[in-house]
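The block underneath contains the structure these notes are about, expressed in structure tokens.
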Amino acid sequence: MTAQLPEDVRSLLLSRIKDVADYPKPGVMFKDITPLLADPDAFGALTGALVELAGQYGATKIVGLEARGFILAAPVAVQAGIGFVPVRKAGKLPGATLAQSYELEYGTAEIEVHAEDLSTGDRVMVIDDVLATGGTAEASLSLIRRAGAEVAGVAVLMELSFLPGRAKLAGSLAGAPLDALIVV
């Protein structure tokens, strides 16, 4: 589903997302969100929309996916008055972690979360900048459940509708909502 943003907010966000052709490799159209982050009105509007979704989801914790998901998720957690938990690439967190491997287009990757940061009774909202193939998001849902927490929902700034991310997540969401603020 696509979150219902007022048209002026949607237009503002879209106007601050820059297309960069052939980055990071030829044939790829990269969606650069740094102009959005640099604009306090646009970043504030995005944060407000995500805070509203956190309330609708009944979230008690926010998970941000490395790396741009951290930037989007942390202010949402602060404004919503709930905890922020980073999900990082393997080997970046000290102490006891839960790890989850997942398939990439040409190999595998692994993400981790601190084992004690999520627990039974937590309702966790996952935030990231882009939903593309869905591998990282799906792995994060597995980590959340392995920690004993419940997935409250997933929210992304942009969904690349020409890639299979939504379909890949369909079974893993188990009824939790998936909201994309902008579908491209």
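The values are calculated or read from the model by the stated rules, or taken from the named source; none is laboratory data. The structure presented is a predicted model; accordingly, all values stated were derived computationally and were not measured. Every residue, glycine among them, receives a Cβ derived from its backbone with ideal geometry; neighbour counts consider all protein chains shown. Just so you know, the surface numbers come from the protein's heavy atoms only, side chains and all, with ligands and any DNA or RNA stripped out. Shrake-Rupley method; radii C 1.70, N 1.55, O 1.52, S 1.80 Å.
Taking amide H positions as modeled 1.01 Å from N, with prolines and chain starts lacking one, the residues under 5 Å from D179 and 5 or more places away or on another chain are V154, A155, V156. Give me the percent of accessible area attributable to carbon and sulfur for region 31-184, probe 1.4 angstrom. Summing carbon and sulfur atoms, their accessible area is 54 percent of the total for region 31-184.
Placing unit charges on each Cβ (+1 for Lys and Arg, -1 for Asp and Glu) gives region 1-116 a dipole about its Cα centre, and among T34, V20, I82 the Cα reaching farthest toward its positive end belongs to I82.
For the chain, a simple Cβ point-charge model (Lys and Arg +1, Asp and Glu -1, everything else neutral) yields a dipole of about 220 debye relative to the Cα centre.
Is the shape of region 97-174 rounded, prolate or oblate, going by the alpha carbon gyration tensor and its root eigenvalues a ≥ b ≥ c, with a/c under 1.5 for rounded and a/b larger than b/c for prolate? Oblate. In terms of the Cα gyration tensor, with a ≥ b ≥ c the square roots of its eigenvalues, is region 1-111 rounded because a/c is under 1.5, prolate because a/b exceeds b/c, or oblate? Oblate, since a/c reaches 1.5 and b/c is not below a/b. Each peptide in 52-62, 123-133 gets a packing score, the mean of other Cβ atoms within 10 Å over its residues, and the list from highest to lowest is 123-133, 52-62. For the pair E103 and L163 in one chain, pulling the backbone fully straight at 0.36 nm per residue adds 20.1 nm over the alpha carbon distance. Within the straight-line cut-off of under 19 Å between alpha carbons, the aspartates and glutamates reachable from K18 are E7, D8, D32, D39, D41, D128, D129, E159, sequence neighbours fewer than 8 places apart in one chain being disregarded. Protection proxy ranking, highest mean first, for peptides 42-51, 175-184: 42-51, 175-184, where packing is the per-residue count of other beta-carbon atoms within 10 Å, averaged. Taking a ≥ b ≥ c as the square roots of the eigenvalues of the alpha carbon gyration tensor, region 49-180 is rounded, as a/c is under 1.5.
Rolling a 1.4 Å probe over the heavy atoms of the protein chains gives region 62-110 an accessible area of 54 Å² per residue. FRET efficiency for the pair M29 and S119, taken as 1/(1 + (r/R0)^6) with r the Cβ-Cβ distance and R0 = 25 Å, rounds to 0.05. Take the Cβ atoms of A174 and A90, set R0 to 25 Å, and the FRET efficiency comes out at 0.50.
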